1. Can you go through Pro19, Pro15 and tell me which one is more than 23 Å from Tyr147 (Cβ to Cβ) and part of a loop (DSSP other than H, G, I, E, B)?
2. Taking segment 84-122, which residues are touching a Lys or Arg at 6+ places or on another chain (Cβ under 7 Å) and of a type in the set (A, V, I, L, M, F, W, C)?
3. Go through (1) at pLDDT below 95; (2) closer than 25 Å to Phe169 by Cβ; (3) open to solvent by 60 Å² or more (accessible area, probe 1.4 Å); (4) touching a strand residue (DSSP E or B) at 6+ places or on another chain (Cβ under 9 Å) one by one and return the number of the condition Pro6 breaks.
4. Exactly one condition in (1) in contact with a strand residue (DSSP E or B) (Cβ under 7 Å, 6 or more places away or on another chain); (2) in contact (Cβ under 8 Å) with a residue 60 or more places away in the chain; (3) within 12 Å of Thr11 (Cβ to Cβ) is false for Ser135; which is it?
5. Sort out which residues of segment 150-167 are open to solvent by 70 Å² or more (accessible area, probe 1.4 Å) and either more than 20 Å from Phe16 (Cβ to Cβ) or among the hydrophobic types (A, V, I, L, M, F, W, C) (or both), and write them in order of number.
6. At pLDDT 95 or above, of a type in the set (A, V, I, L, M) and closer than 17 Å to Ala21 by Cα: which single residue out of Leu59, Leu55 fits that description?
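The values are calculated or read from the model by the stated rules, or taken from the named source; none is laboratory data. The structure displayed is predicted, hence computed values, not measured ones. When we count neighbours, we look across all protein chains shown, and the Cβ atoms used for this are built from the backbone with ideal geometry, even at glycine. For the accessible areas, the whole protein counts, side chains as well, though only heavy atoms, and no ligand, DNA or RNA atoms are used. Shrake-Rupley method; radii C 1.70, N 1.55, O 1.52, S 1.80 Å.
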Amino acid sequence: VNSARPGSTGTIEGPFYIPGAAPVEAETTLPMRPDEPGPDLTFLAQVRSADGSPLPGALVEIWHADDVGYYSQFAPGLPEWNLRGAVIADADGEIVVHTKQPAPYQIPGDGATGALIRAAGWHTWRPAHLHLKVSAAGHDLLTTQLYFTGGDYLDSDIASAVKPELILFPVEG
């Protein structure tokens, strides 16, 4: 389905999506603990249609793991909406999200999945990434993940979800 669709590349949603984050304005800081560990990260994006025109009012749901690879609502001790948000693009289709750099994490290695992983000789790691669900009236939903150049496991993601066009090249600034 995604291979024939114009525009950005989609990929897997993953198991940690939770609907219902309160929508916020185009520039925001994701909810986080006062002492949230990890390097600061500012994610700037412009939502555009396949013809290149900006999509004002597009909704960008964003979520990611914390500095040790845990997702809120799936790990004890994390605030409910930690590092999750629903950002409404401005008049130019732009968003600016202040957050922390996510870390790689391991998928569970027990049960039948673990047996398959061990039998195949694979590891259980996912590279660090941002999850995005992008929606706008009159457009198909885009679900994707964005990775970071130079990150661990980009070439051996257990989920095989990394695609070259989904790798970000962060800059200091």
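1. Exactly one of Pro19, Pro15 is more than 23 Å from Tyr147 (Cβ to Cβ) and part of a loop (DSSP other than H, G, I, E, B), namely Pro19.
2. Listed by number, the list holds a single entry, Ile107.
3. Condition (4) is where Pro6 drops out.
4. (3) is the only condition that Ser135 fails.
5. Gly150, Asp155, Pro164, Glu165
6. From the options Leu59, Leu55, the qualifying one is Leu59.
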